[in-house]
1. Relative contact order for chain A using alpha-carbon pairs under 8 Å, separation at least 6, rounded to a whole percent?
2. What is the antiparallel percent of DSSP beta bridges lying wholly in chain A, to the nearest 5?
3. What is the distance in Å between the Cα centres of segment A:619-688 and segment A:866-926?
4. List the lysines whose Cα sits under 16 Å from the Cα of residue A:906, skipping any in the same chain fewer than 8 residues away.
5. Quick check: from the Cα gyration tensor, does segment A:828-967 come out rounded (a/c under 1.5), prolate or oblate?
6. State which entries of A:215/A:420; A:175/A:563; A:428/A:471; A:256/A:288; A:215/A:256 exceed 20 angstrom in Cα-Cα distance in the structure shown.
7. For segment A:680-819, just say rounded, prolate or oblate: build the C-alpha gyration tensor, square-root its eigenvalues into a ≥ b ≥ c, call rounded for a/c under 1.5, and beyond that prolate if a/b exceeds b/c, oblate if not.
8. What angle, in degrees between 0 and 90 and rounded to the nearest 10, separates the Cα long axis of helix A:821-844 from the longest principal axis of the Cα atoms of chain A?
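The values are calculated or read from the model by the stated rules, or taken from the named source; none is laboratory data. Remember, it's a predicted structure, so these values are computed and weren't measured experimentally. When we count neighbours, we look across all protein chains shown, and the Cβ atoms used for this are built from the backbone with ideal geometry, even at glycine. For accessibility, only protein heavy atoms count, side chains too; no ligands or nucleic acids. Shrake-Rupley method; radii C 1.70, N 1.55, O 1.52, S 1.80 Å.
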Amino acid sequence: MDYDSRKIEKKWQKRWTKDGVFEADPDPSRPKFFLTCPYPYVNGALHIGHGRTYTVADLIARYNRMRGFNVLFPMASHMTGTPIQGMVDRIKSGDQVAMEQYKRDLRLYLETEEEVEAQLAKFIDPWVTARFFAKAIRQDFDALGYSIDWRRKFATGDKTYNQFVTWQYHKFMDKGYIKQGDYPLLYCPNDGNPVGEDDLLEGATAKVKEFTAIKFDFEDGYLVAATLRPETIFGVTNMWIHPTEEYVWALVNGEKWVVSKKAVKKLKLQAKEVEVLETFPGSKIIGKSFQAVHDGHDIPIFPAEFVDPNNATGVVYSVPGHAPFDYIALRDLWEDPSPLKPYGISAEEVRAIEIISMIEMKGYSEFPAKDAVESRNIKSQAQAEELEAATQEIYKAEFYDGVMKDNCMQFSGREIKDVKEDVVKWMKSTNHIDVFYEPDVRPVVCKCGADVQIGVFAGQWFLDYESTGWKDEAWKALNSMDIVPETFRNLFEATFDWLAQRPCARKRGIGTKLPFDEEWIIESLSDSTIYMAFYTISHKITGNKLKPEQLTLSFFDYVFLGKGGIKKTAKETGISEDLLKSMRDEFAYWYPNDQRHTAPSHISNHLSFAIFHHVAIFPEKHWLKCISLNEHVNLEGARMSKSKGNVFPLVEIPQKYGADVYRTYAVSAAEPGSLMDWRERDVPAVRNRLQSFMEIMQKHSTKEPRVYLKKDKPAAITRWLLSKVNSIIESCTQNLDNFRLRDYAIAVTSEMTRAVNHYLRRPEVPKEEREGTLAYVCDVWVRLAAPLIPHTCEEVWSKMDRDGYISLASWPKPDKKLIDPSIEVAHQVVLSTMRDVREIMKLLKDTKAKKVHVYVAPEWMFQALNSVREAELPVIVGTIMKHLMSNPDFRKYGKQVKNIVDRVAKENGLWDHSSSAADEIAVLLGSANYMSEELGLEVVIQNSESPECDPQNKARFALPGRTSLFLE
RNA sequence: GCGGAGGUAGCCAAGCCAGGUUAAAGGCGCAGGACUUAGGAUCCUGUUUCGUAGGAGUUCGCGAGUUCAAAUCUCGCCCUCCGCACCA
């Protein structure tokens, strides 16, 4: 029997919407629960990975709703920043790849190719794109049964929302958290824009690498060499200049510098004023000398072909003792000084150069560069790869293990990893330092085809997370909030440590203008930090058609901070006092945000910013309470990516599998903290579990529920089921409270089914008792399952003729008096006995048994173990022996006591069993028919103290909770 | 490079924080059985090795250590994944 999930799901979704079931308004009589999940970015279709996060959030919302909370779960759409704008630009320019990408998404929502083309043609306006996908995604969410209050939806591009972001930035400015300064980033000279990962044709992983530019005194200016190892200036023996490449004397910020001609453009991009005075081939200065930074002694300039004029300044200082490239270049000149002749440098002059050893390091000689070159057997400068490997080796080794030698002035004796910064500081104090940026990988190519450089933005706006006091407050918030799973707290802590200054405005994309400098647009991550507050009033802004200009700074001050007085605010904004008050009240009711649920990849930015921005703006009682996280989703073992084309769109889920099947899969396939794999192959199993649930419900839920108490003398297995079900209520509640969602889902879909199926197989239960009990179980079960599979459960609920929606029904409470651990333990005896019988039957092979004698341990053993349990003794043979032998009741069994104590020691402690032999016998007797049927044997239960039949003397092996057997 | 997470049986995935009740939940796959015209449906059973009596051996990336006791704690090593700032 199949049930039409599609039809059922649609039906309930329509009713929920019609009755506004999930529209939440303040209700002071009920506790509130305000849950948020980041709004989706509306520039394309979502995939099943997004769905996992939203499904988990919805599960949390529904669970809390059933627990009696007034739950607010709102949603909006994100459209600010560069992605939508970028795609619009690419569509406008006729970019085929971009158009194809959009077409793929559009086909998911539109029937014909004509419609797709027509819609695509409209995507030259970011608002059209955003609205299209916002609507599509809302439909996707509805089709998955998410219990969202849509009245509060908005888009981050809304003018009213911009006002809110503006307010936030004024608050930061007031606090002095916003600063301006220079900032390097990847930049396309052709487009005149910074470039992000998406803008790159090649070198997508490129980052900015900072070189220290060292200004060596040279003639009436500086010879400027760039390095990653400024501490090596004490080991400089010469300079390397490419003889045939062009160099310049240039006025750089008023100083005379020698750099390669190719470096000039870069310096200009890096916010330096540069005027070229003279261009000349490198050969012109080769043979001259310049002065060391630390002691001013003369050092010669030599020619070298390996110098790349396009890398940094094209000027390289030589430290042959510690740099393999330099070592081998110098060695070559020693062996063959002839290239030096044209520059008037004699062979003696070169050979007179002494390699300087300036870093002490274990495992290396005084010249580590020499060691590295020789151990790799490098013969020539042309072996660039080997030389690079040697360089890396020395760099790493010296960084971690190296110590500055005596010839390093005040830095002598210090470790390299600590001394770098101080050496730079010291040189800076004498004006011998500047910085030069390069991309860390080459080549980096913009989509426009141009070579990407580093641009320095003078006057870049920053949020300074290191502003006095800010971090302390943020730490305070983090330390007092819940992070679930707790393992992600480390990542927050690492982020908090590392957060410093972050650019907060950029020059392109959609967004709110920076109020202090309208050329800049506020970085879109700042849109998503405190906007949960906006949900509390957004439906009133749209509902009352408030205009952006009414949403002034004092408006937000009043509504969110209670500042400024209602009369004054009403007058200034033209908003009625009633409306203002209702907004203030609504904010005060819902805030703070009780739980924010998203993916861990947002920890290092969005989530940390959310904490920082909250503490900056709101009083402590309105800080975030809890952040919960779930990892991403892989598709058939591989990471989903649009470029690889292995993306499973969320929109296809309800059609293909049904919302409840997906929800169950998404929650039960992995704990939230770990990566989940979507495997097509596993889906049918999930569907089958829901099918079983539905079938049991159809058969058993509509009868009159009745709870059989002990005094009603029901079958033992009925009491077992009642106990089991109530235990499951307890564990489900605990698991949901502790974010162990997978365990909850498994309990509800697997464990319950197994228990009920077992019960149905027990022949000893009278029909009436079975029906009443199962009706009770179904009533509990359907409510336990409702947060996970709401559509199916609504359907069952309505068939059960219950009032209202199960979505709003109450979460079951465990009935403690029905939970009886001993009966669950006793049930284990039945199962383990059956398992043992099967095992023996297997071993008997040819011999067919007809009858099994089951021996229950003697009563004194039960008493003995109970007594040990009560005494809470450590598992030490002597101690337990002493305890038991001191009691004459046990003493008389002397040798056997030793046996069970040995067994306890071997098992590393006590095990569960019924409290008396009589109980165990009763349970086994009650299950005898069932066992007999399952095993195909006659089952005889016997007391081992007086067995009626024990031809092989097996009875003596029986232990409490572990029967002994004889098969014949 | 910096920071974070992780490596568990054929596969996926719990357990690890709070060591013992763990040959290690659950799912998939596989095998056998039941029900059946059939079963890709459902249910039951089994799925490390040895064993004609319920027992024993060896297992949780590799190696060492702490402990009466380690998948769980400590140290070293190997490997995988994720984030790193104009990308949301």
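1. So the answer I get is 13 percent.
2. For chain A, the DSSP antiparallel bridge percentage is about 70.
3. Using only Cα atoms, the two centres lie 49 Å from each other.
4. Output for residue A:906: A:898.
5. It is prolate, given that a/c is not under 1.5 and a/b is the larger ratio.
6. A:428/A:471
7. Rounded.
8. Roughly 90 degrees between the two axes.
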